[in-house]
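I have placed the structure first, in the form of structure tokens, so that the comments after it can refer back to it.
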């Protein structure tokens with residue numbers, strides 16, 4: 001249970017949060033037409049007669065959109081409704097050419113499910129938390145108004161009109177900005193693993209409507225506001241914190257929270273009122289007469305389930321079973337690209353624990369320094385496995401491995417080739433190592449006496465001096481053994 005509270009002048013308040021996440025379904029065509037969905041196209045170049053609501057044009061459901069929504073529901077272990085129906089949500093806006101949006105209110109495709117967020121003490125999530133998902137329904141997106149094309153007029157771009165969306169509606173189970181942020185990150189990871197949405201919030205293919213209310217701990221729910229189209233995890237958390245404080249200050253000053261729709265201004269880090277919040281009856285929902293109900297058969301459901309990949313929680317459990325630390329398992333499963341890269345590394349023969357430590361420290365550190373991500377890594381999983389294998393079999397030391405890795409990043413060459421070319425093989429030649437140890441002990445007689453007098457921490461000094469004298473090529477295990485022998 002989160003202990004997040006808003007401290008007001010009259011005591012503590014609890015924040016209650018629910019999220020409606022709109023995720024663009026990954027398909028080449030729109031929900032009810034064959035128009036393209038690629039991001040960044042010139043305005044009004046991806047618009048069919050159906051999208052523009054030309055008279056007589058009838059919608060035809062895109063099977064792949066339904067399939068991806070069902071697979072998403074299965075990924076969160078939700079109820080899949082074999083019978084569902086599309087409804088018309090009636091409202092007028094310039095970017096909605098039909099005068100209504102085709103959505104699902106009464107009979108959604110996917111029913112109740114749940115998403116578990118992991119414990120994160122630093123973020124204020126002391127234990128794993130299960131957050132309920134009320135429903136996932138499929139609907140079409142609206143177009144977009146463009147206000148910066150003319151000094152006195154706004155233009156309409158219908159490229160997004162008719163694009164397929166999943167609206168993933170959570171239950172009001174979150175109690176802190178950290179929980180909401182963790183929920184969005186986990187949901188985005190699941191969508192990316194499944195392949196049903198690319199999760200690119202900066203491109204608008206995933207965005208959240210943030211519902212916030214406040215109450216005294218244990219009281220009934222308060223009046224909520226809804227902040228629309230929030231397009232980053234950081235902004236979702238900022239909206240919750242700011243809106244909760246605003247509501248507390250309003251109530252404590254004698255005011256009343258109004259059920260309304262608000263917009264977030266990231267430059268000022270504040271929300272502002274947009275319009276009063278409508279209820280479902282205000283939209284005059286009714287079944288769409290142009291669309292038959294959706295009826296899912298057994299073969300379709302079996303195909304959807306069998307197509308699911310290993311999901312984040314299952315992958316994390318598998319990594320933990322391999323001995324990988326919880327922290328590394330979390331890092332490696334947070335993004336599907338990292339998990340796939342790591343799995344390829346394991347398939348190439350790398351030892352799990354050593355590989356996880358190396359990827360989360362050396363590789364990620366280098367890529368961050370270079371401003372790259374895993375999809376653009378100069379070193380492949382197979383090359384990384386070769387490097388780690390040279391460390392595991394004693395060909396090179398961990399110190400030398402760092403040097404070899406830097407050379408691999410520069411040239412893209414293989415580890416074994418670089419080690420051979422530059423003469424970097426680790427030596428276990430006891431004669432050569434003993435000779436260097438003898439020199440070091442002779443040059444540091446005072447420290448030898450201190451060590452023998454009980455200052456055992458000096459052992460690390462002798463190891464370091466020996467490795468330096470051997471240019472990092474000495475086998476550390478052999479160095480330790482010979483030093484212990486020489487020091488008595």
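The values are calculated or read from the model by the stated rules, or taken from the named source; none is laboratory data. Predicted, not measured: the structure shown is a model, and the values here were computed from it. In this analysis, Cβ positions are derived from the backbone assuming ideal geometry, glycine residues included, and neighbour counts consider all displayed protein chains.
Evaluate region 128-141: report whether one residue or more is in contact with a helix residue (DSSP H, G or I) (Cβ under 7 Å, 6 or more places away or on another chain) and more than 20 Å from residue 229 (Cα to Cα).
So in region 128-141, the residues in contact with a helix residue (DSSP H, G or I) (Cβ under 7 Å, 6 or more places away or on another chain) come out as 129, 131, 136, 138.
Now restrict to residues that are more than 20 Å from residue 229 (Cα to Cα): 129, 131.
Looking for residues that are in contact with a helix residue (DSSP H, G or I) (Cβ under 7 Å, 6 or more places away or on another chain) and more than 20 Å from residue 229 (Cα to Cα), one finds at least one in region 128-141, hence yes.
Just checking, how many residues over region 279-328 are farther than 20 Å from residue 62 by Cβ and touching a strand residue (DSSP E or B) at 6+ places or on another chain (Cβ under 8 Å)?
Selection size over region 279-328: 5.
I'd like to check which helices (runs of 4 or more DSSP H) are fully inside region 376-449 and have at least 3 residues that are within 34 Å of the chain's Cα centre (by Cα) and touching a residue at least 24 places away in the same chain (Cβ under 8 Å).
By residue number, 381-392, 398-411.
Restricting to region 9-37, and then to whatever is touching a residue at least 40 places away in the same chain (Cβ under 8 Å) and surrounded by fewer than 16 Cβ atoms within 10 Å (Cβ to Cβ), can you tell me which residue is nearest to residue 49 (Cα to Cα)?
We begin by selecting, within region 9-37, every residue touching a residue at least 40 places away in the same chain (Cβ under 8 Å); these are 9-27, 30-33, 35, 37.
Those left that are additionally surrounded by fewer than 16 Cβ atoms within 10 Å (Cβ to Cβ): 9-12.
Details: 9: 58, 10: 58, 11: 58, 12: 55 Å.
Selected residue: 12.
Take residue 60 and tell me if it is in contact with a helix residue (DSSP H, G or I) (Cβ under 6 Å, 6 or more places away or on another chain), over 16 Å from residue 142 (Cα atoms) and at pLDDT 95 or above.
The answer is no for residue 60.
Taking the stated definitions as given, is residue 154 in contact (Cβ under 8 Å) with a residue 24 or more places away in the chain, loosely packed, with under 14 Cβ neighbours inside 10 Å and in the same structural domain as residue 114 (by TED's automatic domain parsing)?
In short, yes.
The rows are residues; the columns are (1) crowded, with 21+ Cβ neighbours inside 10 Å; (2) without any contact (Cβ under 8 Å) to a residue 60 or more places away in the chain.
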residue: 187; (1), (2): yes, no
residue: 196; (1), (2): yes, no
residue: 211; (1), (2): yes, no
residue: 227; (1), (2): yes, yes
residue: 236; (1), (2): yes, no
residue: 250; (1), (2): no, yes
residue: 268; (1), (2): no, yes
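Which one of these does residue 374 not meet: (1) surrounded by 15 or more Cβ atoms within 10 Å (Cβ to Cβ); (2) modelled with pLDDT of 95 or more; (3) under 20 Å from residue 404 (Cα atoms)?
Only one criterion in (1) surrounded by 15 or more Cβ atoms within 10 Å (Cβ to Cβ); (2) modelled with pLDDT of 95 or more; (3) under 20 Å from residue 404 (Cα atoms) is unmet by residue 374, namely (2).
Given the options 177, 151, name the one that is modelled with pLDDT under 95 and more than 24 Å from residue 58 (Cα to Cα). It would help to see each step written out before you state the result.
Working: 177 fails: modelled with pLDDT under 95.
151 is the lone residue from the list that is modelled with pLDDT under 95 and more than 24 Å from residue 58 (Cα to Cα).
Within region 113-123, is there a residue that is farther than 22 Å from residue 34 by Cα and either more than 20 Å from the chain's Cα centre (by Cα) or not assigned by TED's automatic domain parsing to the domain that holds residue 286 (or both)?
No, there is no match, as no residue in region 113-123 is farther than 22 Å from residue 34 by Cα and either more than 20 Å from the chain's Cα centre (by Cα) or not assigned by TED's automatic domain parsing to the domain that holds residue 286 (or both).
Evaluate region 153-171: report whether one residue or more is part of a loop (DSSP other than H, G, I, E, B) and under 30 Å from residue 241 (Cα atoms).
Among the residues of region 153-171, at least one is part of a loop (DSSP other than H, G, I, E, B) and under 30 Å from residue 241 (Cα atoms), which makes the answer yes.
Answer yes or no as to whether residue 64 is over 26 Å from residue 283 (Cα atoms) and assigned by TED's automatic domain parsing to the domain that holds residue 31.
When the stated conditions are applied, residue 64 passes them.
Restricting attention to region 89-111, does a residue exist that is at pLDDT 95 or above, over 30 Å from residue 287 (Cα atoms) and surrounded by fewer than 19 Cβ atoms within 10 Å (Cβ to Cβ)?
No, every residue in region 89-111 fails to be at pLDDT 95 or above, over 30 Å from residue 287 (Cα atoms) and surrounded by fewer than 19 Cβ atoms within 10 Å (Cβ to Cβ).
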